[in-house]
Amino acid sequence: MANQTYSITEIAGSSDVSHADAIEKAVERASKTLRHLAWLEVKEQRAEIANGKITHYQVIIKIGFRMED
């Protein structure tokens, strides 16, 4: 990783299945428009509750990608 520069963007992912699925969906979507994805950091996790059950998951992630020369 010597002498490489990265840009960081923050995105939200969501899922009806789990927090992990929300992360996977966010990365999959980001990979359609950003190149050289390198790492991510989960900043926030939350979920909606209805009738005593989790109905929807959301994550906010920072995703880093290597900038091209």
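What the table below lists for this structure:
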read-out: Karplus 3J(HN,Hα) series, Hz, for region 38-50 with 6.51 cos²θ - 1.76 cosθ + 1.60 (x for Gly, Pro); value: 10, 7, 9, 9, 7, 8, 9, 9, 8, 8, 8, 10, 9
read-out: Dipole moment magnitude, nearest 20 debye, the chain about Cα centre, only Lys, Arg, Asp, Glu C-beta charged; value: 40 debye
read-out: Asn51-Leu34 pseudo-label distance in nm [points 7 Å out on the Cα-to-Cβ vector]; value: 3.7 nm
read-out: Net length gained if the chain between Asn3 and Met67 were fully extended (0.36 nm per residue, minus Cα distance); value: 21.9 nm
read-out: Proximal aspartates and glutamates relative to Lys62, as straight alpha-carbon distance under 20 Å, when same-chain residues fewer than 8 apart are discounted; value: Glu10, Asp21, Glu24, Glu28, Glu41, Glu44
read-out: Most positive-pole-ward Cα, Ser14, His36, Ile54, against dipole of region 7-62 from beta carbon charges; value: His36
read-out: Share of alpha-carbon pairs per 5 Å distance bin for the chain, given as whole %; value: 4, 17, 25, 19, 14, 9, 6, 4, 2, 1, 0
read-out: Summed residue charge, Cβ within 13 Å of Ala12's Cβ, Lys/Arg positive, Asp/Glu negative; value: +3
read-out: Top of Ala50, Ala30, Ala20 by mean-square fluctuation, Gaussian network on the chain, Cα under 10 Å; value: Ala50
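Read-outs throughout are calculated quantities, based only on the coordinates presented, and are distinct from any laboratory measurement. Keep in mind that this is a model prediction, so the values were computed, not measured. Don't worry about glycine lacking a Cβ; one is built from the backbone with ideal geometry, like all the others, and counts go over all protein chains shown.
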